[in-house]
Amino acid sequence: MGCSGSKDTGPDTDVDSDTSSEAPARPTPRRTVPLRRTTPRVSRQQYWSSVRNDVIKTFRDLDDELERLMPQGEKEYKTLLRRWLEKYGDTDPQKPHLPQGDPNSQPFPIPKDVSPGEDLRPWISTLEPMDTDLKEGQTAWRLLPLDVIKNGLTTPQQQTLLAAREKRRRLHDPTRMQKRREELASYFVRRYRMKKGMLAPFLEWADLMVKNQAEFQQLVNRRPSSRKDSSATSS
């Protein structure tokens with residue numbers, strides 16, 4: 001008599017067939033932390049020593065090139081490298097000093113090789129005052145009818161100028177204006193050795209403005225119907 005409650009777990013039985021057909025569980029992925037590369041801390045002296053070596057090497061490489069064949073950008077870069085070596089060739093740069101108060105009132109340190117530079121301010125050694133015959137203390141034309149200056153205190157120069165203006169009946173005399181332009185042109189030719197051909201556009205400017213004004217007035221005063229009449233006639 002067999003025992004009905006017993007279960008055979010041999011290979012011929014299919015009791016665990018449902019569980020045996022399942023796919024095996026995927027393993028949980030392992031998270032890895034990437035290796036961090038840390039830069040060793042160097043002292044301030046070591047840092048600027050490395051920078052100085054790079055500057056010297058770059059400057060020597062540029063110094064080996066011919067100056068006339070060097071691009072303008074490399075010339076300026078070489079000037080900056082030379083300036084840096086002159087200032088920090090033996091000493092390390094310190095932390096910048098922040099000025100107290102209004103920074104606009106603080107003096108700006110100009111490099112030594114900039115102040116006497118010939119390219120920056122070549123006119124300092126050759127500057128001469130431009131001398132014209134204009135009197136000082138002149139008054140704008142729009143203030144003359146108000147007698148603002150005439151009724152107040154005037155300098156001798158202003159009195160001379162006012163006396164000359166009272167004799168002028170036509171303030172916009174084209175003949176006098178042309179004479180004045182020619183006097184200024186002679187001054188520039190004599191003082192700055194300019195050729196008269198270079199001054200021709202300036203001398204002809206006022207005459208060109210008068211001509212353009214006349215042509216513009218003709219255009220404005222033209223009848224609007226003239227174009228319609230001409231088109232009707234042509235058709």
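For region 1-114, please list each of the helices (runs of 4 or more DSSP H) lying entirely inside it that holds at least 1 residues being surrounded by 10 or more Cβ atoms within 10 Å (Cβ to Cβ) and at pLDDT 80 or above.
44-63, 72-88
Output the residues belonging to region 184-198 that are surrounded by 11 or more Cβ atoms within 10 Å (Cβ to Cβ), of a type outside the set (Val, Ile, Thr) and in a helix (DSSP H, G or I). I'd like the intermediate steps shown before the answer.
We begin by selecting, within region 184-198, every residue surrounded by 11 or more Cβ atoms within 10 Å (Cβ to Cβ); these are 184-189, 191, 194, 196, 198.
The next check asks that each one be of a type outside the set (Val, Ile, Thr); those that pass are 184-188, 191, 194, 196, 198.
The answer is LEU184, ALA185, SER186, TYR187, PHE188, ARG191, LYS196, MET198.
Step by step: first the residues of region 199-224, then only those that are part of a helix (DSSP H, G or I) and among the charged types (D, E, K, R), then the one that is nearest to PRO129 (Cα to Cα). Which residue is that?
Here is the first cut: in region 199-224, the ones part of a helix (DSSP H, G or I) are 199-203, 205-221.
Checking which are among the charged types (D, E, K, R) leaves us with 207, 211, 215.
Working: ASP207: 30, LYS211: 35, GLU215: 41 Å.
Top of the filtered list is ASP207.
The values are calculated or read from the model by the stated rules, or taken from the named source; none is laboratory data. In this text the structure is predicted, and so the values were computed from the model without any measurement. Positions of Cβ are backbone-derived with ideal geometry, glycine not excepted, and every protein chain shown enters the neighbour counts.
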